[in-house]
Amino acid sequence: MRFPALLPLILAALQPAAVSTAPPPPCPWEMNKVKDIVEVNCTGRDLGAVPAGLPEDTGILLLNANRLPSVSTAAFQPLPALQDLDLSDNGLRAVHAEAPLPSLKELLLSRNALEALPALRGLPALSRLALAHNKLHALAPAAFRAVPQLQDLDLRGNALRTLPEDAFAGLRALKDLDLSDNALEELPAGLLRDLEKLETLWLSGNRLRALPSGFFPEGHLFAYVFLTDNPWHCDCSLVYLCKTLFLAPGKEPGWQGRSCCCRRSCTCLGAGKAKGNSEKGLFWGCGLGHHCRPL
Ligand SMILES: *[C@@H]1O[C@H](CO)[C@@H](O)[C@H](O)[C@H]1NC(C)=O
């Protein structure tokens, strides 16, 4: 009868030893209150490799602002609950993605040194991919076929000059596509064909002089299309764009101030918000001038 009474004492004596055998996690963690998952913060720790010993239930892993030269998805296999992975600002030159991460939803790779799109085959649940400010200079046909659930794709600030017509084939859930600040000189007519859910398209800061007729799928309404900072060639070839964006069929040409025109002397097109709808705006820059006339 005495022996059971001793048991708590024995256990208490063992406890410090038991604790010291499990090393503390390499980075602080807390519950992310919005997503209700474990968030581990390894931001800015001068790490040259993915640390070992991360909590097994890690849902969000911040590894941004370190100095990882390359990373392999194999390093995250011990983290089956991983949803969001931030690898921005590392100087990454390669991402090896042979090992699948079936739960990964967000992959942030902005401000690295990637020259090619990483293989996305093992990331079927991906809904957000950020590759802004890398060194991508081309995309393969159907480059995103493996990630059909993608909703947000950020390719801003790369070195893309042209795109294959089917670059975004199969992205039927995509809502936000950012191609701004690249070196795009022209775009293929069918580029947006599969993007049935696209709400916002960023094309500002490129070298576009025109867009091909039929570029914007008929009947598709966008919330925002950003077109500023391109050397738009303001002549009759832009009438297509005017008609599509400014004078959608069945809509009043409710643009304030300036409007479309088709005259060689035309130097500007409208900028502003659609009348009576303050939320949906189309932003447009084509040089300033006051020689425009309504179509
Ligand atoms: C992560 O830690 C860094 C530095 O330790 C801090 O500056 C940053 O705000 C933290 N990030 C989050 C999302 O808590």
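Data table
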quantity	calculated
Some residue of the stretch 89-107 being more than 16 Å from the ligand (Cβ to nearest atom), among the basic types (Lys, Arg), touching an Asp or Glu at 6+ places or on another chain (Cβ under 7 Å) and modelled with pLDDT of 95 or more	yes
Identity of the residue in the stretch 38-60, aliphatic (A, V, I, L, M) and within 11 Å of the ligand (Cβ to nearest atom), that ends up surrounded by the most Cβ atoms within 10 Å (Cβ to Cβ)	Val40
Hits in the stretch 87-117 - residues which are in a strand (DSSP E or B) and in contact with a Ser or Thr (Cβ under 8 Å, 6 or more places away or on another chain)	Ala94, Val95, His96, Glu106, Leu108
Within the stretch 6-37, considering residues that are more than 13 Å from the ligand (Cβ to nearest atom) and of a type in the set (S, T, N, Q), the one modelled with the highest pLDDT	Thr21
Where a residue in the stretch 33-45 is on the phi < 0 side of the Ramachandran plot and its partner, wherever it lies, is assigned to a loop (DSSP other than H, G, I, E, B) and more than 10 Å from the ligand (Cβ to nearest atom), with Cβ under 6 Å and at least six apart	Val38/Pro55; Val38/Asp57; Val40/Leu54; Cys42/Leu63
The lone exception for Leu120 - which of (1) free of Cβ contacts under 8 Å to residues at least 40 places away in the same chain; (2) assigned to a loop (DSSP other than H, G, I, E, B); (3) surrounded by fewer than 16 Cβ atoms within 10 Å (Cβ to Cβ) it fails	(3)
Any chance Ser213 is of a type in the set (Ser, Thr, Tyr), at pLDDT below 95 and farther than 23 Å from Ser110 by Cα	yes
Positions within the stretch 61-75 being assigned to a loop (DSSP other than H, G, I, E, B) and within 12 Å of the ligand (Cβ to nearest atom), in sequence order	Leu63, Asn64, Ala65, Asn66
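Matching residues to (1) in a loop (DSSP other than H, G, I, E, B); (2) farther than 18 Å from Trp232 by Cβ:
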residue	(1), (2)
Asn134	yes, yes
Ala142	yes, yes
Ala159	yes, yes
Gly170	yes, yes
Asp194	yes, yes
Leu201	no, no
Asn206	yes, no
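The values are calculated or read from the model by the stated rules, or taken from the named source; none is laboratory data. All figures in this text were calculated on a predicted structure; none of them were measured in a lab. So basically every Cβ, Gly included, is an ideal-geometry build from the backbone, and we count neighbours across all protein chains shown.
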